[in-house]
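Trainee: Structure in structure tokens, see below.
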Amino acid sequence: MDSHNERPTVEVLSGIRDIPVDVWQELAPPDDPMWAWQVFDAMERGAIGVDRFGYAVLREGARISAVLPMSGQRALRLENVVGPRERRLLAPVVRWAPRTLGVPMLFCGHFIGQGHLLAREPLSGPALEALVAAALGFARRHRLGTVVFKDFGERDLTPLRPALHAHGFFFAPALPDTELALGHGSFDAYLAALPAKPRRNARRNIRVFEGSGLRMETLTAFGPLLPDMLGLYRQVMDRADQVLDVIDGSFLRALQEADGLDERLVACFEGRRLVGYLHCFLRGRGMVAARIGMDYRLAHAARLYHNLHYAAIALGIAEGREHIRFAQTAYEPKREMGCVLVEQSYAMTHLRPLPRAALRALLPAALRSAHAEALAPRS
């Protein structure tokens, strides 16, 4: 019998190594380097806050036709993922009963990237229903009461909506990604294409950096710098409004050891000392600046944040990439650099009716508030 005509089935695999690299790479977005097989392998080998991984796999006979990655946390800290206003309201609970804010949660999609359901072609309603049901079954088996399809763009979310509605999911805005088109022949051409005020600001920031005594380099091998990277990364995380994942050295080492992963470090040095970086990945026509670290002792005076991003943009242009995507933070300077916002959503539910009703009543408003506060203009 032709396996393409067999009834699709769904099974849950426990690790990325159960999925052949060539099959994964065929299904994954070709221009999103965060969806490289090697990144998921490094996530499993490292420590990024996930307690359990799973992959809901749709098969037609022996052929894998779709994959939905899943990442489970036994006790997500609720105060770390809401906005500043909500965090202030939760402060007494954090002080007197912190364990009550640990939420068992399953994230579907990508724990540290944009959400996708990987598929060879558009899936039927029954196939999508089966994949959503498999995710809920995985959550039940591992006592992960809250289930979230995280950071899905509308293109990926639209076909899933009927199946998600049928299982009691509701929807709320996630923080948008930021993306910059790189259709320029050089970095100077990119600067010249900016509107007048952003162009003047960019050139001023570059002049300040050039007078700071710091230097910028782009590295492909940077294992000895990992401890310094983690220290700078923690400085950024200590100031972050929202924290979902916190990476560690084992994850970074696993990335450096991976074969076939195009990984670059835009690194800023004071003498021999690393004082700032953007950790970048390249694949196909795309590039992602995934993580940033900075020494706040000199970050403002040297305009370090802006110049790390300028160096990443110059790298993307030199490498012939069509777009670069940045993180879900600091929207005002990124919009001034020419980035557009890539809107994303959460779809979420709870396995039990009463908590589901409470989440539906409270979370969308809290997430909308965090969304509005993150996008508000700042000086």
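The values are calculated or read from the model by the stated rules, or taken from the named source; none is laboratory data. Nothing here was measured: the structure is a model prediction, and the numbers come from that model. Because the Cβ atoms are built from the backbone with ideal geometry, glycine has one as well, and the counts that use them run over all protein chains shown.
Trainee: So which helices (runs of 4 or more DSSP H) stay within the stretch 115-214 end to end and still have 1 or more residues that are of a type in the set (K, R) and farther than 24 Å from C268 by Cα? Explain how you work it out, then say what you get.
Mentor: Values: elements: 125-141, 154-157, 161-166, 187-193, 196-210.
By residue number, 125-141, 154-157, 161-166, 196-210.
Trainee: Name the single residue that is farthest from E263 (Cα to Cα) among those in the stretch 27-37 being touching a strand residue (DSSP E or B) at 6+ places or on another chain (Cβ under 9 Å) and outside any loop (DSSP other than H, G, I, E, B). Walk me through how you get there before you give the answer.
Mentor: Keep residues of the stretch 27-37 that are touching a strand residue (DSSP E or B) at 6+ places or on another chain (Cβ under 9 Å), which gives 27-36.
Keeping just the survivors that are outside any loop (DSSP other than H, G, I, E, B) gives 27, 33-35.
On the way: L27: 21, P33: 9, M34: 10, W35: 13 Å.
Across the stretch 27-37, the extreme among qualifying residues is L27.
Trainee: What number goes with the only condition from (1) over 20 Å from A289 (Cβ atoms); (2) free of Cβ contacts under 8 Å to residues at least 24 places away in the same chain that G168 does not pass?
Mentor: Going through the list (1) over 20 Å from A289 (Cβ atoms); (2) free of Cβ contacts under 8 Å to residues at least 24 places away in the same chain, G168 breaks only (2).
Trainee: Working only within the stretch 340-367, note down all residues that are more than 19 Å from the chain's Cα centre (by Cα), exposed (fewer than 15 other Cβ atoms within 10 Å of the Cβ) and of a type outside the set (A, V, I, L, M, F, W, C). Before the answer, list the steps.
Mentor: Keep residues of the stretch 340-367 that are more than 19 Å from the chain's Cα centre (by Cα), which gives 349-366.
From what is left, the residues that are exposed (fewer than 15 other Cβ atoms within 10 Å of the Cβ) are 352-355, 357-358, 361-362, 365.
Passing the criteria: R352, P353, P355.
Trainee: Right, another one. Got a sec? Which strands (runs of 3 or more DSSP E) wholly within the stretch 249-331 have at least 3 residues that are of a type in the set (A, V, I, L, M, F, W, C)?
Mentor: Ranges flagged: 262-270, 273-283, 286-294.
Trainee: Taking the criterion of being in contact with a Ser or Thr (Cβ under 7 Å, 6 or more places away or on another chain), assigned by TED's automatic domain parsing to the domain that holds R140 and modelled with pLDDT under 95, would at least one residue in the stretch 9-19 satisfy it? Quick ask: steps written out before the conclusion?
Mentor: First pass over the stretch 9-19, keeping only residues in contact with a Ser or Thr (Cβ under 7 Å, 6 or more places away or on another chain): none.
No, that holds for no residue.
Trainee: Which condition breaks for L191 when tested against (1) touching a residue at least 12 places away in the same chain (Cβ under 8 Å); (2) within 19 Å of the chain's Cα centre (by Cα)?
Mentor: (2)
Trainee: Moving on to the next point. So if I check each of D22, D41, which one is surrounded by 15 or more Cβ atoms within 10 Å (Cβ to Cβ), of a type in the set (D, E, K, R) and part of a helix (DSSP H, G or I)? Spell out how you get there, then give the answer.
Mentor: Details: D22 fails: surrounded by 15 or more Cβ atoms within 10 Å (Cβ to Cβ).
That would be D41, the only listed residue that is surrounded by 15 or more Cβ atoms within 10 Å (Cβ to Cβ), of a type in the set (D, E, K, R) and part of a helix (DSSP H, G or I).
Trainee: Checking G168 against (1) of a type in the set (G, A, S); (2) more than 17 Å from the chain's Cα centre (by Cα); (3) closer than 19 Å to C339 by Cβ; (4) in the same structural domain as L27 (by TED's automatic domain parsing), which single condition isn't satisfied?
Mentor: (3)
Trainee: Would you be able to say whether some residue in the stretch 299-310 is surrounded by 15 or more Cβ atoms within 10 Å (Cβ to Cβ), at pLDDT 95 or above and under 16 Å from the mean Cα position of the chain (by Cα)?
Mentor: no
Condition check ((1) assigned by TED's automatic domain parsing to the domain that holds L164; (2) of a type in the set (K, R); (3) free of Cβ contacts under 8 Å to residues at least 24 places away in the same chain) across all residues:
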site	(1), (2), (3)
R272	no, yes, yes
V275	no, no, no
C280	no, no, no
A290	no, no, no
R303	no, yes, no
T349	yes, no, no
A358	yes, no, yes
S369	yes, no, no
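Trainee: Continuing with the same structure: Take L131 and decide whether it is hydrophobic (A, V, I, L, M, F, W, C), at pLDDT 95 or above and under 28 Å from R291 (Cβ atoms).
Mentor: On the way: hydrophobic (A, V, I, L, M, F, W, C): yes; at pLDDT 95 or above: yes; under 28 Å from R291 (Cβ atoms): no.
No.
Trainee: Now, a different point. Could you give every pair whose Cβ atoms fall below 7 Å, whose first residue belongs to the stretch 128-149 and is in contact (Cβ under 8 Å) with a residue 12 or more places away in the chain and of a type in the set (K, R), and whose second residue is surrounded by fewer than 23 Cβ atoms within 10 Å (Cβ to Cβ) and assigned to a loop (DSSP other than H, G, I, E, B), counting only separations of at least 6 or pairs across chains?
Mentor: Cβ pairs passing all conditions: R140/L351.
Trainee: Only one residue in G286, G271, G316, G338 is under 17 Å from N205 (Cα atoms) and either hydrophobic (A, V, I, L, M, F, W, C) or at pLDDT 95 or above (or both), so which one is that? Lay out the reasoning, then the answer.
Mentor: Working: G286 fails: under 17 Å from N205 (Cα atoms); G271 fails: under 17 Å from N205 (Cα atoms); G316 fails: under 17 Å from N205 (Cα atoms).
Selected residue: G338, the only one of G286, G271, G316, G338 that is under 17 Å from N205 (Cα atoms) and either hydrophobic (A, V, I, L, M, F, W, C) or at pLDDT 95 or above (or both).
Trainee: May I pose another question? So in the stretch 246-255, with the set limited to residues that are surrounded by fewer than 16 Cβ atoms within 10 Å (Cβ to Cβ) and either over 9 Å from A42 (Cα atoms) or assigned by TED's automatic domain parsing to the domain that holds I16 (or both), which one is modelled with the lowest pLDDT?
Mentor: Initially, the stretch 246-255 is screened for residues surrounded by fewer than 16 Cβ atoms within 10 Å (Cβ to Cβ), giving 246, 248-250, 253.
Narrowing the set further to residues that are either over 9 Å from A42 (Cα atoms) or assigned by TED's automatic domain parsing to the domain that holds I16 (or both) leaves 246, 248-249.
On the way: V246: 69, D248: 82, G249: 87.
Out of the qualifying residues, it is V246.
Trainee: Separate question: Against the condition modelled with pLDDT under 85, within 21 Å of the chain's Cα centre (by Cα) and either basic (K, R) or more than 24 Å from M348 (Cβ to Cβ) (or both), how does R77 come out, does it pass? Spell out the reasoning first.
Mentor: Working: modelled with pLDDT under 85: yes; within 21 Å of the chain's Cα centre (by Cα): yes; either basic (K, R) or more than 24 Å from M348 (Cβ to Cβ) (or both): yes.
Criteria met by R77.
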